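Here is the structure we will look at.
The values are calculated or read from the model by the stated rules, or taken from the named source; none is laboratory data. Here the structure is a predicted model, which means the values were calculated and not measured. Cβ atoms come from the backbone with ideal geometry, glycine included; neighbour counts cover every protein chain shown. For accessibility, only protein heavy atoms count, side chains too; no ligands or nucleic acids. Shrake-Rupley method; radii C 1.70, N 1.55, O 1.52, S 1.80 Å.
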Amino acid sequence: MKTVALRFSDNYAPEEGMIFLHQQLIDKYGYVWYGKFGNRISKEIIDEQLKTSDPKIFLIKSGSVERYWIHFKEHKETIPELDKIPEYYRNNCDCIKCWFKITSFEKAEKDVLSKCFVLSSGDCLSNASKHSMNPYFKIEYRGESNE
């Protein structure tokens, strides 16, 4: 499966953390909008994911061993409805170029990085993510899949 691996941090989130605050809105509305700061993500990779039965993106928490799959059902480049965005980053919406309508977070297996390979170099994501400041990677996940 080809997808994107994104880095995230809780630097700007309240102490509860980004995942917790996004999950609260999923619990309330059935989904939440997750914004990716900085550069847009390849539309080709996103569109490829949206054609699958379970579109997902891989999240790597910077400075932590936390890894998640986010299951999403829509993507947009314009600001979505504000009440479906965690309050702590509503004032920064203009800095976000890429939004994902997330329906769930799934904690990834501990060895997930060893099953992900960067498409441009073929390097294992566990090595590439340690030696690169890239905010995201186009990857191929070579683990078990339900596809």
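Over region 11-84, accessible surface divided per residue gives 55 Å², non-protein components excluded, 1.4 Å probe. Of the residues LYS130, LYS84, LYS43, the one that moves most in a GNM of the chain with alpha-carbon contacts below 10 Å is LYS130.
Annotation: for a label point projected 7 angstrom from Cα along Cα→Cβ of TYR88, residues of region 11-32 with backbone N closer than 13 Å are 11-25. A cut-off of 5 Å between modelled amide H atoms, ignoring neighbours fewer than 5 places along the same chain, links SER104 with HIS71. Checking the Cα-Cα distances for LYS73/LYS130; LYS51/LYS76; LYS56/LYS107 against a 19 Å cut-off, the pairs over it are LYS73/LYS130. Among the protein heavy atoms of the chain, carbon and sulfur supply 46% of the accessible surface, probe 1.4 Å, non-protein parts ignored.
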